[in-house]
Amino acid sequence: MRLLSDNSYDIRQTIVVCGSARSGTTWLAQTLQSVPGSAVLFEPLNLRRVARARRCGFRPRTYVRPGTDWPEGELLLGDILRGRLLTPWTVQEIRRFARVQTWIVKFIEANRMLPWLTERFPVRAPVLLVRHPCAVVASQVAAAWTGDVELHDADLETDFPAVKHVLDAVETPIEHRAARWAIDTLVPLSAPGPQRWTTLFYEDLVRNEETLDPLFDRWNIPKPLAVGAHLRKISSTADRRGTGHDPLTDWTRRLATDEVRRVLDVTHALGLDFYGEDPEPDRTRLRLMP
């Protein structure tokens, strides 16, 4: 069957899944694809794969201030969120082509524009998936994931002065990866409330599928019975070496003590101290974020 996304599609049905690279966004998007009539649009702002994103002026991890008027970017994102950017790359997660009632747009490029995106587009409340920075860094190293990421951004450093001080001090590849995670996380978590998205800890999702219940309630979508089975699967982009290990603690054996310290020094320098040497987040510290 053909995959259809015609002019009658309602953007208010779209679900956005975002998070840092290797934070579990593919796994979550594949799980949400158990919603009847849904389909995943995969990484539509990947600059290597989507020429239109380059032409519109998107950069790696584009930062967009709330209130920014950017017609070219809005036009592209509008097409993305309505499922109109269909290429072999963006539809790679779709196994059955049919009429789509709910697009699940999964991208790691959205974190730094999330406040602006939700200001401009009436999508369902997006999911911001946050995972321990040491786990993210360890997974990136294990998967030989690099990505095209520009660390410095003049507008971002004006709005977040501490970022420039941290970036000027980073030296090692581990610290650079930690800085990317920190900026990806700092921008959305620093947005004034009430937030138009739901922040979800990867660790909570691994431990308990009921973590998704508030999401489905907020979306007014019945939680599919298949969600639990999907959560127990390994995502298509996961590092499959050492299967059977605990995804919450595996980083403790992959990263040296000095590497853990470097990661946490960078993230804590930007006030993101709700993750430490414990694999689980300290949720009380997250609530202290501005």
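The values are calculated or read from the model by the stated rules, or taken from the named source; none is laboratory data. Note that the structure is a prediction, hence the values are computed from the model and not measured. Note that each Cβ is placed from the backbone with ideal geometry, even for glycine, and that neighbours are counted across all protein chains shown. What goes into the accessible areas is simple: the full protein's heavy atoms, side chains included, and nothing from ligands, DNA or RNA. Shrake-Rupley method; radii C 1.70, N 1.55, O 1.52, S 1.80 Å.
So how many residues does the range 42-85 have that are more than 25 Å from residue 177 (Cα to Cα) and not aliphatic (A, V, I, L, M)? So that I can check it myself, show each step before the final result.
If we filter the range 42-85 for residues that are more than 25 Å from residue 177 (Cα to Cα), which is where we start, we get 51-52, 55-56, 66-85.
Of the ones still in play, those that are also not aliphatic (A, V, I, L, M) are 52, 55-56, 66-74, 78-79, 82-84.
Of the residues in the range 42-85, 17 are more than 25 Å from residue 177 (Cα to Cα) and not aliphatic (A, V, I, L, M).
Is it the case that the range 61-69 has a residue that's within 24 Å of residue 215 (Cβ to Cβ) and polar (S, T, N, Q)? Write out each step before concluding.
The initial filter retains those residues of the range 61-69 that are within 24 Å of residue 215 (Cβ to Cβ), namely 66.
Going one step further and asking which of them are polar (S, T, N, Q), we end up with none.
Scanning the range 61-69 turns up no residue that is within 24 Å of residue 215 (Cβ to Cβ) and polar (S, T, N, Q).
How many residues does the range 188-213 hold that are part of a helix (DSSP H, G or I) and closer than 21 Å to residue 132 by Cβ?
The number of residues fulfilling the criteria is 12.
So, in the range 161-187, of the ones that are part of a helix (DSSP H, G or I) and either open to solvent by 60 Å² or more (accessible area, probe 1.4 Å) or in contact with a Cys (Cβ under 8 Å, 6 or more places away or on another chain) (or both), which residue ends up nearest to residue 217 (Cα to Cα)?
To start, the set of residues in the range 161-187 that are part of a helix (DSSP H, G or I) comprises 161-169, 173-187.
Cutting the leftovers down to either open to solvent by 60 Å² or more (accessible area, probe 1.4 Å) or in contact with a Cys (Cβ under 8 Å, 6 or more places away or on another chain) (or both) gives us 161, 164-165, 168-169, 173.
Working: 161: 37, 164: 39, 165: 41, 168: 43, 169: 43, 173: 41 Å.
This residue is 161.
Of the residues 180, 218, 262, only one is modelled with pLDDT of 90 or more and more than 21 Å from the chain's Cα centre (by Cα); which?
The conditions single out 262.
Find the residue count for the range 15-55, including only residues that are touching a Pro at 6+ places or on another chain (Cβ under 8 Å) and of a type in the set (A, V, I, L, M).
Qualifying residue count for the region: 7.
Could you list, in sequence order, the residues of the range 188-197 that are among the polar types (S, T, N, Q) and surrounded by fewer than 16 Cβ atoms within 10 Å (Cβ to Cβ)?
Passing the criteria: only 190.
Taking the range 233-259 as the region of interest, how many residues are part of a loop (DSSP other than H, G, I, E, B) and either modelled with pLDDT of 95 or more or of a type outside the set (A, V, I, L, M) (or both)?
17
Mind checking whether some residue in the range 106-116 is touching an Asp or Glu at 6+ places or on another chain (Cβ under 9 Å), at pLDDT below 95, assigned to a loop (DSSP other than H, G, I, E, B) and of a type in the set (Asp, Glu)?
yes
Criterion first (touching a Lys or Arg at 6+ places or on another chain (Cβ under 9 Å), touching a residue at least 60 places away in the same chain (Cβ under 8 Å) and outside any helix (DSSP H, G or I)) does residue 135 satisfy it? Show your work before the answer.
Values: touching a Lys or Arg at 6+ places or on another chain (Cβ under 9 Å): yes; touching a residue at least 60 places away in the same chain (Cβ under 8 Å): yes; outside any helix (DSSP H, G or I): no.
It is false that residue 135 is touching a Lys or Arg at 6+ places or on another chain (Cβ under 9 Å), touching a residue at least 60 places away in the same chain (Cβ under 8 Å) and outside any helix (DSSP H, G or I).
Would you call residue 73 touching a Ser or Thr at 6+ places or on another chain (Cβ under 9 Å), closer than 23 Å to residue 152 by Cβ, of a type in the set (Gly, Ala, Ser) and buried (at least 19 other Cβ atoms within 10 Å of the Cβ)?
yes
Filter the range 138-160 down to residues that are assigned to a loop (DSSP other than H, G, I, E, B) and hydrophobic (A, V, I, L, M, F, W, C) and give me whichever is farthest from residue 263 (Cα to Cα).
The residue in question is 160.
So residue 42 passes all but one of these: (1) among the aromatic types (Phe, Trp, Tyr); (2) open to solvent by 30 Å² or more (accessible area, probe 1.4 Å); (3) in contact with a strand residue (DSSP E or B) (Cβ under 8 Å, 6 or more places away or on another chain). Which condition number does it fail?
(2)
Which numbered condition in (1) surrounded by fewer than 23 Cβ atoms within 10 Å (Cβ to Cβ); (2) more than 23 Å from residue 188 (Cα to Cα); (3) under 19 Å from the mean Cα position of the chain (by Cα); (4) not aliphatic (A, V, I, L, M) is the only one that residue 122 fails?
Evaluating residue 122 over (1) surrounded by fewer than 23 Cβ atoms within 10 Å (Cβ to Cβ); (2) more than 23 Å from residue 188 (Cα to Cα); (3) under 19 Å from the mean Cα position of the chain (by Cα); (4) not aliphatic (A, V, I, L, M) leaves (2) as the failure.
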